[in-house]
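Report on one structure; see the data block that follows.
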Amino acid sequence: MTTAGATWRERMALAAIAFVALWPLVHRGLVAAYDVNPWKLGGWAMYTAATPPVLVVAFEPRGQGGVPIDRTKLPVYAQQALQRFELRRHVLGNLHRPDEFAAHVLRARSDLSEVVILVQRMVLDPETARMTARTMHYTYDRAGFRGERAVPPAVPKGSQSG
């Protein structure tokens with residue numbers, strides 16, 4: 001056995017141990033910062049989190065609000081893009097935007113100049129121990145992605161101070 005061979009094996013063993021020791025911290029950071037699904041990507045806290053589905057609604061902007069676009073009336077390619085987005089968003093959280101789905105909606109609806117995609121996921125709020133909605137709005141026009149914004153959760157009645 002050579003010294004270089006032993007050093008290589010030692011380095012590999014140390015790298016594996018370091019990865020296993022650090023991954024839970026990195027994964028927890030991803031879950032907290034980007035709403036990544038704790039059941040995916042080798043999460044260690046998977047049994048402590050509920051996994052409700054992701055709600056995705058495309059809106060046709062009108063005035064101060066918008067009109068929901070019926071997903072069943074979209075072409076098959078747009079519906080498939082929506083299904084792919086829902087699956088990926090369920091795993092990757094806010095790390096995955098609905099770019100492909102929005103492009104297909106705009107392709108299918110030539111009458112629209114822009115579309116807003118609402119993405120909502122229910123999560124357990126650690127401060128209140130209640131389920132709250134995390135909602136993101138993504139705006140797209142014919143040129144592509146225009147912006148995103150987080151919608152603050154609604155304050156339940158009776159919990160306002162003052």
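Given segment 55-160, what strands (runs of 3 or more DSSP E) lie entirely inside it while holding 2 or more residues that are acidic (Asp, Glu)?
114-125
Go over the candidates GLY93, GLY63 one by one and state the one that is out of contact with any Ser or Thr (no Cβ under 8 Å at 6 or more places or on another chain), modelled with pLDDT under 90 and surrounded by 10 or more Cβ atoms within 10 Å (Cβ to Cβ).
None of the others qualify; the one that does is GLY93.
Does any residue of segment 47-60 turn out to be modelled with pLDDT of 85 or more, more than 25 Å from ASP111 (Cα to Cα) and in the same structural domain as THR135 (by TED's automatic domain parsing)?
Yes - at least one qualifying residue is present in segment 47-60.
Would segment 80-103 turn up any residue that is without any contact (Cβ under 8 Å) to a residue 40 or more places away in the chain, among the polar types (S, T, N, Q) and in the same structural domain as PRO61 (by TED's automatic domain parsing)?
Checked segment 80-103: at least one residue is without any contact (Cβ under 8 Å) to a residue 40 or more places away in the chain, among the polar types (S, T, N, Q) and in the same structural domain as PRO61 (by TED's automatic domain parsing).
Are any residues in segment 104-144 in contact (Cβ under 8 Å) with a residue 24 or more places away in the chain, within 20 Å of GLN64 (Cβ to Cβ) and β-branched (Val, Ile, Thr), and if so, which ones?
Within segment 104-144, VAL115, VAL116, ILE117, THR139 meet the criteria.
Right, GLU100: over 16 Å from the mean Cα position of the chain (by Cα) and acidic (Asp, Glu) or not?
No: the conditions fail for GLU100.
The values are calculated or read from the model by the stated rules, or taken from the named source; none is laboratory data. A quick note: this is a predicted structure, and the numbers were derived from the prediction, not measured. For neighbour counting, all protein chains shown are included, and Cβ atoms are generated from backbone atoms with ideal geometry for every residue, glycine included.
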